[in-house]
1. Give me the extension gain from B:ARG375 to B:ALA88: residue separation times 0.36 nm, minus the current Cα-Cα distance, reported in nm with one decimal.
2. Under 5 Å between amide hydrogens, which residues at least 5 positions from B:LEU220 or on another chain qualify, with H placed 1.01 Å from N in the peptide plane?
3. Once R0 is set to 30 Å, what does the formula 1/(1 + (r/R0)^6) return for the Cβ-Cβ distance between A:ASP75 and B:SER79, expressed as a FRET efficiency to the nearest 0.05?
4. Using the Karplus curve 6.51 cos²θ - 1.76 cosθ + 1.60 with θ = phi - 60°, what ³J(HN,Hα) values do you get for each residue of segment A:33-45, in whole Hz, with x for Gly and Pro?
5. What span do the alpha-carbon atoms of segment B:1-119 cover on each of the three principal axes, reported in whole Å from largest to smallest?
6. When Lys and Arg each count +1 and Asp and Glu each count -1, what net charge do the other residues less than 12 Å away from B:PRO369, Cβ to Cβ, add up to?
7. Separation between the B:VAL184 and B:THR98 pseudo-spin-labels, each 7 Å from Cα along Cα→Cβ, expressed in nm?
8. Please build a GNM for chain B, connecting alpha carbons under 10 Å apart, and tell me which residue among B:LEU169, B:LEU370, B:LEU271 fluctuates the most.
Amino acid sequence: MPTKTFAGTSVDVNDEGFFEDPTQWTKEMAPEIADEYGVPTPLTDRAWVVIDLMRSEYFDKGTGPTVRKISKLSDVTTKELFVLFPKGPAKLAAMVAGIPKPKGCI
Amino acid sequence: MSDQKRLVILGAGTGGTLAANRLRKKFKEDRLRIDIVDQNNQHVYQPGLLFVPFGLAESDEIVRKRDRQLHKGIHYHQSAIDSVDIEADSVTLENGDTLDYDVLLVATGARLQPEETEGMTGPGWMESVFTFYDMEGATALAAKLDEFESGHVVINVIDMPIKCPVAPLEFAFLADWYFTDKGVRDDVTITYVTPLDGAFTKPTASATLSSLLTDKGIELVTEFNTGEVDGEARKLIGFDGREIDFDIAVVIPLHGGAAYVENSPGLGDELGFIPTDNATLQSQVKPNIFVVGDAADLPASKAGSVTHFEGEVLVENMESFLKGEPIEHSFDGHANCFIETGFSKALLIDFNYENEPVGGHYPGPVGLPLLKESRVNHLGKLMFQSFYWHGLLPGRDIPGIGPDMPTFGKKHPVSG
């Protein structure tokens with residue numbers, strides 16, 4: 001299994017770089033992960049609203065929320081999400097929040 | 001009469017109708033009263049909508065009366081639903097009637113929400129921007145395509161989940177056939193625009209479908225998240241700033257659950273779908289609420305075949321619940337879709353929660369070819385409508401086709 005090191009700690013990731021085990025994640029890792037994947041830093045309070053939501057939804061439902069669900073579950077609009085996590089907010093926010101790749105709908 | 005239970009079914013589409021008819025056969029009327037509610041009396045054979053824009057089906061062929069599909073002894077109510085009170089076990093209809101229940105079945109499907117995307121229903125709606133996901137849109141698009149001889153047709157899925165996730169691809173394939181048949185294919189550009197990172201969600205099928213798009217000269221744009229549809233300037237604008245010009249945009253709008261769900265505290269999730277146990281089809285909201293079809297939040301396709309395969313498990317489990325017995329039957333997420341690819345051919349995919357679509361044959365080694373274009377699959381798709389009205393809705397089984405996904409006859413059955 002591939003590993004990566006953030007904040008001085010080695011973590012297990014999948015081929016795309018998503019965390020395999022969200023309990024290995026710490027808040028200190030988030031800015032480093034963000035830098036690696038082109039998410040603007042320093043992470044703002046608004047970005048943290050999304051990161052916290054990604055984690056609470058993951059632990060509650062077993063998968064990270066989609067872009068639509070993020071905007072329904074918080075006051076962060078889809079437009080703002082694309083500013084905070086450009087290109088692919090659901091994937092990038094999951095990456096920074098240290099949760100596995102969200103299961104796409106089928 | 002005192003032990004008569006009351007079942008209320010919300011929605012008289014595929015799931016509600018087949019469940020009502022199967023349960024009516026299982027329980028005598030003095031044991032179970034069945035009431036079913038729908039907001040209109042038009043039951044649309046939804047797979048038929050795909051063919052309407054190309055003049056291959058007419059509205060009167062694919063629409064029948066809802067109440068005529070129901071067996072005797074099922075009480076049909078035509079009204080919109082105002083709300084469900086899950087604490088009081090009671091449904092309030094917009095016509096003012098109240099229906100109390102012992103068991104509730106939610107079968108109200110998914111609702112199109114074009115108004116949720118900026119600009120979509122503004123200027124140009126039904127003139128340059130269409131959807132074929134309802135009869136009005138499909139009919140308007142038929143008239144538009146009929147006069148269209150050159151330009152850029154863009155097919156755009158706004159976001160998942162959508163009903164019948166293969167239908168937009170089928171539309172692209174049929175458009176290629178349609179303009180070729182008309183002799184103007186060289187003057188028409190067709191582009192398929194999706195928020196996904198490939199043509200489809202499942203890797204093996206996605207690869208096959210992508211190469212079909214290439215073979216047919218259809219451009220594929222991936223990871224495009226539409227923020228705005230400008231029907232007047234005729235362009236799609238992505239949240240990331242990318243723009244795609246079009247002459248005709250065929251959009252698949254956002255989907256949500258039925259409107260009354262938002263009005264019913266505790267019933268649905270943030271998109272209006274009902275949290276449902278993947279295996280038993282019992283809601284996670286309350287034990288006496290079951291869910292069938294697109295209304296559920298299952299990680300399965302929102303498709304008629306899924307609803308069909310759910311039917312048997314659902315009815316067994318509802319029967320157990322009504323008799324006070326343990327709920328034991330389990331749905332595996334089985335889906336089976338004919339994908340029309342144009343020129344009188346189609347391919348077939350078969351999958352479930354755990355196993356992605358692969359090649360081989362269905363339902364066994366001597367069966368329909370999987371993940372491969374063939375005429376016999378196209379005929380299968382055409383013949384299915386008759387089975388839908390005369391077999392599936394009345395609750396008859398097809399010999400040899402059970403609800404669980406078969407693995408025999410497949411090339412790489414992967415165990416889950």
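Values in this text are rule-based calculations from the coordinates and carry no lab data. Predicted model, so just to flag it, every value in this text is computed and none were measured. Quick reminder, even Gly has a Cβ in these numbers, built from the backbone with ideal geometry, and neighbours come from all protein chains shown.
1. Details: separation 287, 0.36 × 287 = 103.32 nm, distance 5.32 nm.
So the extension gain works out to 98.0 nm.
2. B:TYR192
3. On the way: r = 35 Å, r/R0 = 1.18.
For A:ASP75 and B:SER79, the calculated efficiency is 0.25.
4. With coefficients 6.51, -1.76 and 1.60, one gets 4, 4, 4, 5, 9, x, 8, x, 10, x, 5, 7, 4 Hz.
5. Its Cα atoms span 55, 35, 19 Å along the three principal axes.
6. Working: positive: B:LYS345, B:LYS372, B:ARG375, B:LYS410, B:LYS411; negative: B:ASP350, B:GLU373.
Result for the neighbourhood of B:PRO369: +3.
7. Going from the B:VAL184 label point to the B:THR98 one covers 5.9 nm.
8. B:LEU271
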